[in-house]
Amino acid sequence: MRRAAMKKQKAKTKRSVHKAVKRKSASRKPAAQVSSSRAAQAKGAGTNPQRVRAILQKLDEAYPDVVCALEHETPFQLLISTILSAQCTDVRVNQVTKTLYVKYPTPKDFAYADPKDLEEDIRPTGFFRNKTKSIMGASKKIVEEFGGEVPRTMEQLLTLPGVARKTANVVLGTAFGIASGIVVDTHVTRLSERLDLSRNTDPKKIEQDLTKVIPREKWILFSHQLIWHGRKVCQARKPRCSECNLESLCYARDKTV
């Protein structure tokens, strides 16, 4: 009788301990969930106006007077250089255009060039056949429909072969000082994600996100600043975070410090 009572008491104690452990486990989130929750909270601060102002201030300190890296003397040359820069470095484009603009000094020269000759002239920039079609098509339209002048509106620029929003924003901002949008190239795409200013991957959506948080008067300079920062410091494969003046504001997952 006594032994049966002791067994019953032990079983009761065991059940009580099991319930207590279960309640404690249920109230405790797994480490992964805690980490994920903290990351989500941190990311929520990405476009906080105070944080954005701090980012812009740091960029101004590092790159107060940066300009477009593509060498050009006219809006038309900038247009051609920007078309050539697709999947190509600005350094290589500048090397090619040193002689290119001597051989083809006007839109008319490009518009009615021999395609085979032009292909060879721009071959080092890559994708030279498609670029030749775009350059000749855009030049011909400029000559025949726009009086030989590069148009100054986004709507008109987008009618030119080979011209999308990135190219149009480069030309409008750099050549004419018109803040029509923000240039989104590979560097701007990468840095917008790392700085948590946009969580999109489509350039159009990234541009929309950026124009909502960056003051319009900063759009042109901001594009150049991010591009230069992406080339010099926040590089794709191995960002040089120890040299970055934005490091204290950045919580990217691939930071190297």
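Okay, residues lined up against (1) among the hydrophobic types (A, V, I, L, M, F, W, C); (2) part of a loop (DSSP other than H, G, I, E, B):
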residue	(1), (2)
Gly137	no, no
Glu155	no, no
Gly162	no, yes
Leu172	yes, no
Val183	yes, yes
Arg199	no, yes
Ile206	yes, no
Say whether the condition of being within 19 Å of Ser223 (Cα to Cα), touching a Pro at 6+ places or on another chain (Cβ under 6 Å) and among the small types (Gly, Ala, Ser) is met by at least one residue in region 83-94.
-> no
Which residue out of Ile220, Ile178 is in a helix (DSSP H, G or I) and of a type in the set (A, V, I, L, M)?
-> Ile220
Might you let me know whether region 207-225 holds any residue that is open to solvent by 10 Å² or more (accessible area, probe 1.4 Å), touching a residue at least 24 places away in the same chain (Cβ under 8 Å), aromatic (Phe, Trp, Tyr) and within 19 Å of Glu71 (Cα to Cα)?
-> no
Restricting the search to region 226-257, which residues are among the aliphatic types (A, V, I, L, M), open to solvent by less than 80 Å² (accessible area, probe 1.4 Å) and outside any helix (DSSP H, G or I)?
-> Val233, Ala236, Leu246, Ala252
Residue satisfying all of: in region 55-88; hydrophobic (A, V, I, L, M, F, W, C) and either open to solvent by 30 Å² or more (accessible area, probe 1.4 Å) or in a loop (DSSP other than H, G, I, E, B) (or both); nearest to His229 (Cα to Cα) among these | Ala62
The lone condition Arg123 fails out of (1) assigned to a helix (DSSP H, G or I); (2) touching a helix residue (DSSP H, G or I) at 6+ places or on another chain (Cβ under 8 Å) is (2)
Within region 154-169, considering residues that are open to solvent by 10 Å² or more (accessible area, probe 1.4 Å) and free of Cβ contacts under 8 Å to residues at least 24 places away in the same chain, the one nearest to Ser223 (Cα to Cα) | Ala164
Name the pairs whose Cβ atoms lie under 6 Å apart, with the first residue in region 90-115 and surrounded by 14 or more Cβ atoms within 10 Å (Cβ to Cβ), the second not in a helix (DSSP H, G or I), and 6 or more positions between them or separate chains?
-> Asp90/Ala69; Asp90/Leu70; Val93/Ser85; Asn94/Glu71; Pro107/Gly148; Phe110/Tyr104
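The values are calculated or read from the model by the stated rules, or taken from the named source; none is laboratory data. Quick caveat: nothing in here was measured; it's all calculated off a predicted structure. Methodologically, a virtual Cβ is constructed for each residue, glycine included, from the backbone with ideal geometry; neighbour enumeration extends over all protein chains shown. Areas reflect the complete protein model, heavy atoms only, side chains present, ligands, DNA and RNA absent. Shrake-Rupley method; radii C 1.70, N 1.55, O 1.52, S 1.80 Å.
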